[in-house]
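Here is the structure we will look at.
Every number in this text was worked out from the coordinates using simple rules, so none of it is lab data. Note that this is a predicted model, so its numbers are computed, not measured. Here the Cβ is made from the backbone with ideal geometry for all residues, glycine too, and neighbour counts use every protein chain on show.
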Amino acid sequence: MKYFLLSILFLPHFLFAQEELALDHRQGESYHQKMEWFKDAKLGIFIHWGLYAVDGISESWSFYNGYISHDDYMKQADGFTAKDYDPQAWAALIKESGAKYSVLTTKHHDGFALWNTKFGDNNVTNSPAKNDVLSPFVSALRENDLKVGLYYSLIDWTHADYPDQTKVNKRYSANDDPERWHRFQEYNFGQMTELRNRYEPDLWWFDGDWEHSSEEWRADEIRDILLEEKPSTIINSRLRGYGDYATPENGPPVFRPIHEYWELCLTLNDNWGYQPHDKNYKTPNQVIDIFVDCISKGGNLLLDIAPREDGVIPDEQQHVLKELGKWTKKHEEAIYNTEAGIPYEYFHGPTTLSADSTTLYLFLRDIPKDGKFALKGIKNKINRTYVVGNGQTLQHQVYCKPYWSSYPGLVYVDLPETVLDNYHTVIAVMLDGKLELYRDFHEAVESN
């Protein structure tokens, strides 16, 4: 990327770091049609579950960075029981949260697979859990009308034919031993094809592409194979330019991203996998803060939960999802099937816009000091303002609207404390047509 050019142009939305996406396949009617459900979904639940939950340590990275030996890390497989795993309860909780899809880690960088793969022995059937735990979860998602996403790590630091094992231990170079690299690729392609045939996912969530080029990964072939039977499948951006949408991680965007489709993946505390000592959980209100910020900028939130090795989702995580669900259910008209909202210059907070552009939704986190909040630069006549979730009509007044100017004035809306939500209060502003924003700069009176 030509950062010197961006600096000269000073385009602020480029300050939001994003992966590069190839452009050739991200155009045309068929592309936008397959992305429609994703755009409308707004909320997904990420699930990091694997043998790292046994000792509650960092998933894969703990041995890669030398904090623990690879042998000791892999011994956790002896404690992965999944004895209290209830996929139906998982799916019900996800649906209750208001999410429309979920993504489960089928295999992280440690290579431990959650299904009974025929490619290698590093999988759940060789743990105390004994059984495939992926299949019942996929079935439970579909029974709850939730889209199925599969996380798959392209890298496998445990596989004997993968070039890297740890940060300092490199087995070989893919360029120096192409035959060995080819063996690993056959294994990788085999597992992906197995997952494709068995589960027909709606979404592939790749990870780990940074260790090799798109040519080395054969990323174009991966895309072709995965879409061969189901062209409507969506792929995230971590396939070296062959994905369908951008995937920022743990950093809510400051400016509206340039990509039409994007999704922020976010931890509930400070780790992706279960770590019992990490109690730095975000509150329900903080999660809602980030969520409305994402949807106001036209994106999705993929919120991570981390079950224990026995399959139990910790109470703190369940609490956040349940509170989030109460709020999304109450305010669903302002969330789903909406478009990105207006710039903050017009309203000092997140907003969304109805699909027909005739209703503007305003998200208020805080209580206005004088019981009023302001909206400016709306050229349309406002037909009605009301509280989403209870329908109460609100009074509004227009100021600073001289008859001799096209300036639309300032709109102040009364907001009684009795209508405030415990988290974000949402106000609907019904317009007399499609939203029109004032963009001029008015000066002195020229005719009066």
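Show which aspartates and glutamates lie in cross-link reach of K372 when reach means a straight Cα distance below 17 angstrom and same-chain residues fewer than eight apart are skipped.
Candidates past the 8-residue exclusion: D414, E417, D421.
Measure up K376/K401; K147/K330; K34/K329; K34/K230; K39/K147; K42/K297 against 19 Å on the Cα-Cα distance and list the ones that go over.
Exceeds cut-off: K147/K330; K34/K329.
Can you give the angle from 0 to 90° between the axis of helix 87-97 and the longest principal axis of the chain, with both taken from C-alpha atoms, to the nearest 10?
With rounding to tens, the tilt is 20 degrees.
Among M192, M430, which comes first, second and so on when ranked by fewest other beta-carbon atoms within 10 Å?
Ranked by crowding around the Cβ, least crowded first: M430, M192.
Roughly speaking, what is the stretch gain from V419 to H182, that is 0.36 nm per residue apart minus the C-alpha to C-alpha distance, in nm to one decimal?
Taking V419 through H182 to full extension adds about 79.0 nm, to one decimal.
Note the angle between two axes, namely the Cα long axis of helix 315-330 and the longest principal axis of the Cα atoms of the chain, as a number of degrees from 0 to 90, rounded to the nearest 10.
Between helix and principal axis, roughly 40 degrees.
Mind giving me the FRET efficiency for K118 and N65? R0 is 45 Å, r the Cβ-Cβ distance, nearest 0.05 is fine.
After rounding, the FRET efficiency stands at 0.90.
For the stretch 339-431, report the convex hull volume of the alpha-carbon atoms normalised per residue, in Å³, without decimals.
101 Å³
Rounded to the nearest 500, what is the chain's calculated 222 nm mean residue ellipticity when only DSSP H runs of at least 4 contribute -39500 (n - 2.57) each, over all residues?
-7500 deg cm²/dmol
Considering the chain as a Gaussian network with a 10 Å cut-off on Cα pairs, which listed residue, L435, L268, L362, attains the greatest mean-square fluctuation?
L435
Under 10 Å, Cα contacts only: if you run a Gaussian network model on the chain, which one of C265, C294, C400 comes out with the highest mean-square fluctuation?
Among C265, C294, C400, the largest GNM mean-square fluctuation belongs to C400.
Calculate I(q)/I(0) for the chain by the Debye formula, one identical point scatterer on each C-alpha and no solvent, and give its log10 at q = 0.10 Å⁻¹ to two decimals.
-0.78
Once the cut-off is 18 Å, how many percent of the Cα-Cα pairs in the stretch 105-164 end up in the long-distance tail?
That tail contains 39 percent of the Cα-Cα pairs.
What lysines sit close enough to K118 to cross-link, taking a C-alpha to C-alpha distance under 16 Å and skipping anything fewer than 8 places away on the same chain?
Result set, ordered by chain and number: K107, K130.
Taking the Cβ of N337 as the center, what net charge do the other residues with Cβ under 11 Å away carry, scoring Lys and Arg +1 and Asp and Glu -1?
-3
If I take R0 = 35 Å and measure r between the Cβ atoms of D370 and N337 in this structure, what FRET efficiency does the formula 1/(1 + (r/R0)^6) give, to the nearest 0.05?
Calculated value: 0.55.
Would you mind checking the tilt of helix 29-41 against the longest principal axis of the Cα atoms of the chain, expressed as 0 to 90 degrees and rounded to 10?
80 degrees
With r defined as the distance between the Cβ atoms of Y31 and Q88 and R0 fixed at 45 Å, what FRET efficiency is calculated, to the nearest 0.05?
0.85
Using modelled amide H (1.01 Å from N, peptide plane; none on Pro or chain starts), what sits under 5 Å from the amide H of T105, excluding residues fewer than 5 places away?
Placed amide hydrogens put I47, W49, Y151 under 5 Å from T105.
Mind checking which aspartates and glutamates have their C-alpha under 15 Å from K83, skipping anything on the same chain fewer than 8 residues away?
D132, E309, D310
Suppose each label sits 7 Å from its Cα in the direction of the beta carbon; what would the T125-S232 distance come out to in nanometres?
With each label point 7 Å from Cα toward Cβ, the separation is 3.1 nm.
Could you tell me the distance between the Cα centroids of the stretch 34-56 and the stretch 377-396, to the nearest Å?
Computed from Cα coordinates, the inter-centre distance equals 35 Å.
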